[in-house]
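Visitor: Dropping the structure in here first, questions after.
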Amino acid sequence: MKMNVIRVILAGGLILLMAACSAKTSMESATPIPAIPDYQAEASQALQTFFDDLNRGDYEAAVALYGGSYEWLSGMNPDIDPNDHVALFSQGCQFNGFVCIHTLSIKFDSQPSAKEYVFVVQFQNADGPLFVQGPCCGEDETTSPPVSEFKYTVTRTESGIYQGMEMPPYVP
């Protein structure tokens, strides 16, 4: 008889414990915690899309994801209206020596401010291997070592759009 009373008490306690856990789980799922935006991932994706757009020749889409200066491209192409950013990117990628190829990797480097992200990007040549920018303009590898990692800054505008701030690599 004593053993039956102990079993009833233990069973009742177990039922109460299960009910309490069930109620807590129901309450937690009834009030979901809002997701925190992953700005770093969004910035990385915007940079990836920017380079994909350039590689595909969709310069209009690339212009929307670029927030840097067009001064260099404009100086290389004085016959193109400096405000025609689509034509400037087209000329830059097709004729001026900008390397508009696939990315191999994009890795987070730092976040200098709340709306600014820095990434290290490696590119992939059309035939597969890692793109390496060699020495320029009569330099040799000791004075101008080859570069395979390029830093890119992405900023988030007031309207929430992410824009890359640097041009693709350049090979004269």
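Visitor: Of all residues in segment 136-162, which are assigned to a strand (DSSP E or B), within 11 Å of ALA43 (Cβ to Cβ) and either open to solvent by 40 Å² or more (accessible area, probe 1.4 Å) or of a type in the set (Val, Ile, Thr) (or both)? Talk me through it step by step, then tell me what you get.
Guide: Start the filter on segment 136-162 by keeping residues that are assigned to a strand (DSSP E or B), which leaves 147, 150-156, 162.
Narrowing the set further to residues that are within 11 Å of ALA43 (Cβ to Cβ) leaves 152-156, 162.
If the condition is that a residue be assigned to a strand (DSSP E or B), within 11 Å of ALA43 (Cβ to Cβ) and either open to solvent by 40 Å² or more (accessible area, probe 1.4 Å) or of a type in the set (Val, Ile, Thr) (or both), then THR153, VAL154, THR155, ARG156 are the ones that fit.
Visitor: Test each condition in (1) more than 18 Å from ILE161 (Cα to Cα); (2) free of Cβ contacts under 8 Å to residues at least 24 places away in the same chain; (3) more than 16 Å from the chain's Cα centre (by Cα) for SER69 and report the one that comes out false.
Guide: (1)
Visitor: Any residue in segment 145-158 that's over 13 Å from GLN133 (Cα atoms): show its pairings with residues that are of a type in the set (Asp, Glu) and in a loop (DSSP other than H, G, I, E, B) at Cβ separation under 7 Å, as long as the two are six or more apart or on different chains.
Guide: Pairs found: TYR152/GLU166; THR153/GLU166.
Visitor: Here's a check for you: in segment 105-135, which residue that is open to solvent by less than 60 Å² (accessible area, probe 1.4 Å) and touching a Pro at 6+ places or on another chain (Cβ under 6 Å) is farthest from SER44 (Cα to Cα)?
Guide: The extreme case among them is GLY134.
Visitor: Residue check, PHE95 against (1) aromatic (Phe, Trp, Tyr); (2) crowded, with 16+ Cβ neighbours inside 10 Å; (3) closer than 28 Å to GLY128 by Cα, all met but one. Which one?
Guide: (2)
Visitor: Against the condition of a type in the set (Val, Ile, Thr) and closer than 16 Å to GLN48 by Cβ, how does THR103 come out, does it pass?
Guide: On the way: of a type in the set (Val, Ile, Thr): yes; closer than 16 Å to GLN48 by Cβ: yes.
Yes: the conditions hold for THR103.
The values are calculated or read from the model by the stated rules, or taken from the named source; none is laboratory data. None of the values given here were measured: they were computed from a predicted structure. Note that each Cβ is placed from the backbone with ideal geometry, even for glycine, and that neighbours are counted across all protein chains shown. Quick note on the areas: whole protein, heavy atoms, side chains included, nothing else; ligands and nucleic acids left out. Shrake-Rupley method; radii C 1.70, N 1.55, O 1.52, S 1.80 Å.
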